[in-house]
Amino acid sequence: MKIALISNSLLLTKSLEIYLRDYLTSYKMCDFIVATEPMEADKPVFLVGDFSEANLNKPFTKEILLESLESFYFQIKHQGTQEPPLNNSKPISTMLGNFRDRRLATQDNDAVLQQKMQEVLERYAQEIVELTREHFKGKND
């Protein structure tokens with residue numbers, strides 16, 4: 001599996017370079033392209049990002065990235081053939097759907113945590129203001 005990387009995000013580029021260092025090659029030599037924006041190309045494009053056409057949405061782990069890329073590579077290599085899959089596991093679309101469901105649940109939990117943290121910070125800020133007022137109340141007279 002030889003991959004060319006085309007990205008307009010410095011942070012995402014660095015992450016993908018680290019995760020894919022053993023697979024990266026030039027555009028001319030690659031089997032397919034990993035891109036962070038939809039693009040026209042002569043080779044298959046695996047999209048990573050936060051848009052509906054993405055093959056993999058952010059955030060992702062190295063393991064999920066590599067599994068998704070291997071599945072994509074298998075699909076493009078066996079396009080038009082009637083070869084059976086290598087194993088009888090769940091289809092990748094089901095696994096990705098489950099991953100997206102878990103990610104959405106995690107995002108909901110993150111939102112709840114963020115709301116609770118915001119409430120604590122607001123109470124803390126309010127206590128600091130009250131303490132400061134009390135401290136300077138007698139000194140301004």
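Read the figures in this text as sums done on the coordinates, not as results from a lab. Because the structure is a prediction, the values reported are computed rather than measured. Note that each Cβ is placed from the backbone with ideal geometry, even for glycine, and that neighbours are counted across all protein chains shown.
Placing unit charges on each Cβ (+1 for Lys and Arg, -1 for Asp and Glu) gives region 3-77 a dipole about its Cα centre, and among Gln75, Phe32, Ile18 the Cα reaching farthest toward its positive end belongs to Ile18. Under the simplified labelling scheme, the Phe136-Arg21 pair shows an inter-label distance of 5.3 nm, with each label point 7 Å from Cα along Cα→Cβ.
Tally Lys and Arg at +1 and Asp and Glu at -1 over the other residues with C-beta under 11 Å from the C-beta of Lys2: what net charge comes out? Counting the neighbours of Lys2, the net charge comes to 0. In straight-distance terms, cross-link reach from Lys43 covers every one of the lysines whose alpha-carbon lies under 18 Å from its own, apart from those fewer than eight places away in the same chain; here that gives Lys2, Lys28, Lys77. Available extension along the chain between Ile76 and Glu40 is 11.3 nm, counting 0.36 nm per residue and deducting the alpha carbon span.
At full extension, Ile64 and Glu119 could sit 16.4 nm farther apart than now, given 0.36 nm per residue minus the alpha carbon distance. Note that region 5-13 has calculated 3J(HN,Hα) couplings of 10, 10, 9, 10, 10, 4, 5, 5, 4 Hz, one per residue in order, obtained from phi through the Karplus relation 6.51 cos²θ - 1.76 cosθ + 1.60 (θ = phi - 60°); glycine and proline are x.
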